[in-house]
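Single-structure report; data block below.
The values are calculated or read from the model by the stated rules, or taken from the named source; none is laboratory data. Please read these numbers as outputs of a predicted model, since none were measured by experiment. Quick reminder, even Gly has a Cβ in these numbers, built from the backbone with ideal geometry, and neighbours come from all protein chains shown. SASA here: full protein model, heavy atoms, side chains in, ligands and nucleic acids out. Shrake-Rupley method; radii C 1.70, N 1.55, O 1.52, S 1.80 Å.
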Amino acid sequence: MGVAIDPRGIDPRGADEKAERADESASHLEQALLQARKLIESTVLLHSRRLTTPSPVVRTDGARLGDSLAQLIAGARYSVSVTLTGAGAFESAVTEELDRTPSRAVVRVLCNVPAAEGVAERLRPLTRVRPEVRVSQSELRGIVVVDGASALVQTHVQEPEGQVAVVNDLGAVRALELLFAGAWSRGRKLADHLGLAPRLRTEFARTVLEALRAGHTDETAARGINVSLRTYRRHVAEIMRELDASSRFQAGARAVELGLLAD
């Protein structure tokens, strides 16, 4: 059977094919628009997440150090762990802010030997917080770790004083907390450390301790520091008693542990 032709000369089959092609083109366009919409939505979502998620490490200058510390310490729920190494802007800001620590949080302060006496002076005026303080022989850098979840780290000493980095990466913060715990476990109570200082931190005491560590005989050591043998031995006995050492070698080792002699 032949195909009926429209009186106007239009083939119905051609019209149907054109309609199908038009529908197919519209369908492709709709799919393309839907894909573009999804792409735009995913881009917007990713951008919003970047804006709301804190960066793992954010550097800040000394002018904003107090604000960064205040925000960090004010949110403490369980613990605030601090290391102090000197008497600069970082130490001043930290000790000032510590007195605002929520009462529910335990505060621990670890300092190195050179900073021990200065840290004791800085912490004495605190009224709301009574931190436990220890002195460490380990190499330290100024840090503040709160709840094992966030931290503030003093940056390289060659950079402007007081410049710090706020660390939000959980893995990095946990590593800092572990380093602090290790140094803390080996530290000596500040009161015990300072109790030895008045008698053992004199230049003469250090000279005697150096002689003990070097293994010099009493006669050689006494001549070297220009005292009588009897006087030298008396000082040795007093130093060993202060250090609670049973041998001269142990006295030298203890002196190193307490920071009275360099390692």
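Does the stretch 97-151 come out rounded, prolate or oblate, given a ≥ b ≥ c as the square roots of the eigenvalues of its C-alpha gyration tensor, rounded meaning a/c under 1.5 and, failing that, prolate meaning a/b above b/c?
It comes out oblate by the Cα gyration axes.
Quick check: with the 1.4 Å probe, what order do 90, 249 take by accessible area, largest first?
249, 90
Is the C-alpha gyration tensor of the stretch 206-263 telling us rounded, prolate or oblate? Criteria: a/c under 1.5 is rounded; beyond that, a/b larger than b/c is prolate, otherwise oblate.
Prolate.
Which FRET efficiency value, to the nearest 0.05, do you get for residue 207 and residue 179 by plugging their Cβ-Cβ distance into 1/(1 + (r/R0)^6) with R0 = 35 Å? Each step should come with its number before you reach the end.
Details: r = 35 Å, r/R0 = 0.99.
Calculated value: 0.50.
Once you have a ≥ b ≥ c as the square roots of the Cα gyration tensor eigenvalues for the stretch 125-246, tell me rounded if a/c is under 1.5, and otherwise prolate or oblate according to whether a/b is larger than b/c.
It comes out prolate by the Cα gyration axes.
Residue separation times 0.36 nm, minus the C-alpha to C-alpha distance between residue 241 and residue 172: what's the value? Before the final figure, lay out each step's value.
On the way: separation 69, 0.36 × 69 = 24.84 nm, distance 4.35 nm.
Result: 20.5 nm gained on full extension.
Can you compute the FRET efficiency between residue 261 and residue 194 using 1/(1 + (r/R0)^6), with r the Cβ-Cβ distance and R0 = 25 Å? Round to the nearest 0.05.
Computed FRET efficiency for residue 261 and residue 194 comes out at 0.90.
Using a Förster radius of 35 Å, what is the FRET efficiency between residue 149 and residue 250 based on their Cβ-Cβ separation? Nearest 0.05, please.
So the FRET efficiency works out to roughly 0.25.
Arranged from highest to lowest average of other beta-carbon atoms within 10 Å per residue, in what order do the peptides 105-115, 69-79 appear?
For the peptides 105-115, 69-79, the packing ranking is 105-115, 69-79.
Counting DSSP beta bridges with both partners in the stretch 78-133, what percentage is antiparallel, nearest 5? Show your work: numbers first, answer last.
Details: 0 of 8 bridges.
If I count the DSSP bridges inside the stretch 78-133, around 0 percent turn out antiparallel.
When only Cα pairs under 8 Å and 6 or more residues apart are kept, what is the percent relative contact order across the stretch 104-159?
Result for the stretch 104-159 is 35 percent.
How would you rank 145-153, 95-103, 253-261, 228-236, highest first, on the average number of other Cβ atoms within 10 Å across their residues?
145-153, 253-261, 95-103, 228-236
Fully extended, how many nm does the chain gain between residue 220 and residue 121 (0.36 nm per residue separation, minus their Cα-Cα distance)?
On the way: separation 99, 0.36 × 99 = 35.64 nm, distance 4.02 nm.
Length gained between residue 220 and residue 121: 31.6 nm.
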